[in-house]
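Everything on this sheet refers to the single structure shown next.
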Amino acid sequence: MKKALELLLCASLMVGLLAGCGGNSKPTEQQPDEGGSTTAAKVAYLTPSLDVPFWRYVRHGVEDELAKSDIECVTYDSKDDANTQMSNAQDAITKQVDAIIISPTDSASCVSVLSLAEEAGVPVVICDIGTDSGEYVAFISTDNEAGGKAIGEYIASQLESGTEVAQITLNQARINGVLRKDGFDAGIATNGLVDVDFKQMEKVNRSEGETFAQDLITAHPNLGAIFCHSEDPTMGAVSALEAAGREDVLVAAFDCSPEIVDAIRDGRVAGTSAQQPVLMGRYSAQAVVDCLAGNEVEKEITLDTLLVTKDNIDEVYDTLVEVALTDE
């Protein structure tokens, strides 16, 4: 754990990135317009949904890091709709942004946005989720499979071999959702747990978590645990289990929020694999800054998750606030 914390803190202090978006030097703070005057560089951040706390944490990292270089950031909320995200991309390009940071609504639809930006000559950095194909400057992501495996192993250690478990997953059209599911299955296999069912979310909100948890415990009355792929739906699942009086079902999470922290402390959530969304946003912004300056940019950066349980919550809390829980 000490080593993990040291890696997290070292990562947060990194200033530059290496290898990828080289070319002629281009100022990041001001650029000449057609009349010869200078205007501040502008970047668009296309986020899936600001209703989801995770994306607000990413936004904070993006906007705060760009501000350090006096770069204006315009954030577009795509309302979890691929068509809206495409329209947002078109609007941003029409308004002549200098670069785009995108957290795709899904991996398939991201391809069209990348194609549009490439045609317009606008560099794109992808922050989380990933794309099925296309050209981009950098991809900043989480090791979702390893994170899923870590929380799966923890749940496996808390239950007897052969116990049935289920998942409330991200849409499996998202690469990160597939990796979390596969990782969790690998983790629970270490003690012979059985994944009997999963439900795919579309809106990734509390209501979905509550509804799907109710469905799962009804269909599978012997469930020993439910793994939910996102923080807000996790709390919906907690509510459903409490209403049903199912204190015997463990809840495992991915991502973090103040509510998740409180729920881990009081035992309503067994643990979570916490991503580092603030840090992901900062890395994405730094990739843009380096690209616009003509510096080389590392093509892919993968950040670890931090396993958080009732046994280590006090030890890791300060780090969580720094890399995962700051949205303003």
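The residue that is nearest to the chain's Cα centre (by Cα), among those in segment 130-146 that are crowded, with 24+ Cβ neighbours inside 10 Å and within 20 Å of HIS60 (Cα to Cα), is THR142.
Here segment 25-84 is the region considered, the condition is being among the basic types (Lys, Arg) and under 15 Å from GLN96 (Cβ atoms), and the residue that is modelled with the highest pLDDT is LYS42. Residues in segment 190-220 that are over 23 Å from the mean Cα position of the chain (by Cα) and assigned to a helix (DSSP H, G or I): THR190, ASN191, GLN214, ASP215, LEU216, ILE217, THR218, ALA219. Identify all residues within segment 221-231 that are buried (at least 24 other Cβ atoms within 10 Å of the Cβ) and either part of a helix (DSSP H, G or I) or without any contact (Cβ under 8 Å) to a residue 12 or more places away in the chain (or both); write none if there are none. Across segment 221-231, the qualifying residue is only GLU231. Looking at LEU292, LEU279, just one residue is in contact with a Lys or Arg (Cβ under 6 Å, 6 or more places away or on another chain) and in contact (Cβ under 8 Å) with a residue 24 or more places away in the chain, and that residue is LEU292.
Wholly within segment 85-151, which strands (runs of 3 or more DSSP E) include no fewer than the required count, namely at least 3 residues that are touching a residue at least 12 places away in the same chain (Cβ under 8 Å) and of a type in the set (A, V, I, L, M)?
99-102, 124-127
Quick one: which residue in GLU259, GLU296, GLU242, GLU231 is outside the structural domain of VAL194 (by TED's automatic domain parsing) and among the charged types (D, E, K, R)?
One residue alone meets the criteria, GLU296.
I'm trying to understand the selection: among the residues of segment 289-321, which are farther than 30 Å from GLU72 by Cβ and in a loop (DSSP other than H, G, I, E, B)? If the condition is that a residue be farther than 30 Å from GLU72 by Cβ and in a loop (DSSP other than H, G, I, E, B), then ASP304, THR305, LYS310, ASP311, ASN312 are the ones that fit. Across segment 152-176, the qualifying residues are those that are in a helix (DSSP H, G or I) and modelled with pLDDT of 95 or more, and the one among them that is surrounded by the fewest Cβ atoms within 10 Å (Cβ to Cβ) is SER157.
The set of residues from segment 263-288 being of a type in the set (Lys, Arg) and either in a helix (DSSP H, G or I) or at positive phi (or both) comprises ARG265, ARG282.
The sole residue among LYS79, LYS149 that is touching a Ser or Thr at 6+ places or on another chain (Cβ under 9 Å) and buried (at least 21 other Cβ atoms within 10 Å of the Cβ) is LYS149.
For segment 63-84: of the residues being of a type in the set (Gly, Ala, Ser) and outside any loop (DSSP other than H, G, I, E, B), which is nearest to VAL297 (Cα to Cα)?
ALA67
The values are calculated or read from the model by the stated rules, or taken from the named source; none is laboratory data. As the structure is a prediction and not an experimental result, all values here were calculated from the model. Backbone-built Cβ (ideal geometry, glycine too); neighbour counts: all protein chains shown.
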